[in-house]
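> I have a structure I would like to understand better, so I am pasting it below and will then ask my questions one at a time.
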Amino acid sequence: MVTAASASAAVLSSLPSPRPPIREAERMEKWGRMLEPRSRDAGGNIQMWGIRADKAHKLSRRAFKGIPDRWRSAAWLALIGNFANADSDQFLALSVDYREALERHSPYDIQIDLDVPRTINGHVLFRTRYGLG
């Protein structure tokens, strides 16, 4: 049975592109001003990020509000460096542990693989299975 509402409904050829969160662009700019390069490799690529001294008091509040996807890796390295002095062995151990943890498999991987497509399938990093996200 076709009702008047279903007969006049428009057919979408594709889903509209998802909009970024309302304050995401503003947060990206703020994090860009707060983080600064601390060291570069021979090719000029940034290897280590740090928190600008005049913005350090804002770090905790901004982290709790959310770190934009674009800055997440740099922010984690900066947070590790902030936690442990960059010249210490503790920093090197933490950064090695962090890099190894990124590669380590979790017993929750299967459940995550099931949940991600159902919950945040519109996000650019999750458009393909096993994408960058």
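The values are calculated or read from the model by the stated rules, or taken from the named source; none is laboratory data. Computed from a predicted model, the values in this text were never measured in an experiment. Cβ placement follows ideal geometry from the backbone for every residue including glycine, while neighbour counts extend to all protein chains displayed.
> Name the pairs: first residue in segment 75-88 and closer than 19 Å to R61 by Cα and at pLDDT 70 or above, second residue outside any loop (DSSP other than H, G, I, E, B) and of a type in the set (V, I, T), Cβ to Cβ under 6 Å, at least 6 apart or on different chains?
Every condition considered, the pairs that remain are A78/I51.
> Condition check: in a loop (DSSP other than H, G, I, E, B) and free of Cβ contacts under 8 Å to residues at least 12 places away in the same chain. Does L12 satisfy that? Break it down into steps so the answer makes sense when it comes.
Values: in a loop (DSSP other than H, G, I, E, B): yes; free of Cβ contacts under 8 Å to residues at least 12 places away in the same chain: yes.
Answer is yes for this residue.
> Another question about this same structure. Which pairs turn up if I take residues in segment 19-45 that are over 25 Å from I120 (Cβ atoms) and acidic (D, E) and look for partners that are outside any strand (DSSP E or B) and modelled with pLDDT of 90 or more with beta carbon separation below 6 Å, at least 6 apart in sequence or on another chain?
E36/R52
> If only one of A101, A63 is surrounded by 10 or more Cβ atoms within 10 Å (Cβ to Cβ), aliphatic (A, V, I, L, M) and free of Cβ contacts under 8 Å to residues at least 40 places away in the same chain, which one is it? Spell out how you get there, then give the answer.
On the way: A101 fails: surrounded by 10 or more Cβ atoms within 10 Å (Cβ to Cβ).
Only one candidate qualifies: A63.
> I've got another one for you. Any idea which residue in segment 28-84 is nearest to D97 (Cα to Cα), counting only those that are part of a loop (DSSP other than H, G, I, E, B) and within 13 Å of the chain's Cα centre (by Cα)?
So the residue we want is I67.
> Given the conditions (1) touching a Phe, Trp or Tyr at 6+ places or on another chain (Cβ under 8 Å); (2) within 30 Å of I22 (Cα to Cα); (3) aliphatic (A, V, I, L, M), and given that A63 satisfies all but one, which numbered condition is not satisfied?
All conditions are met except number (1).
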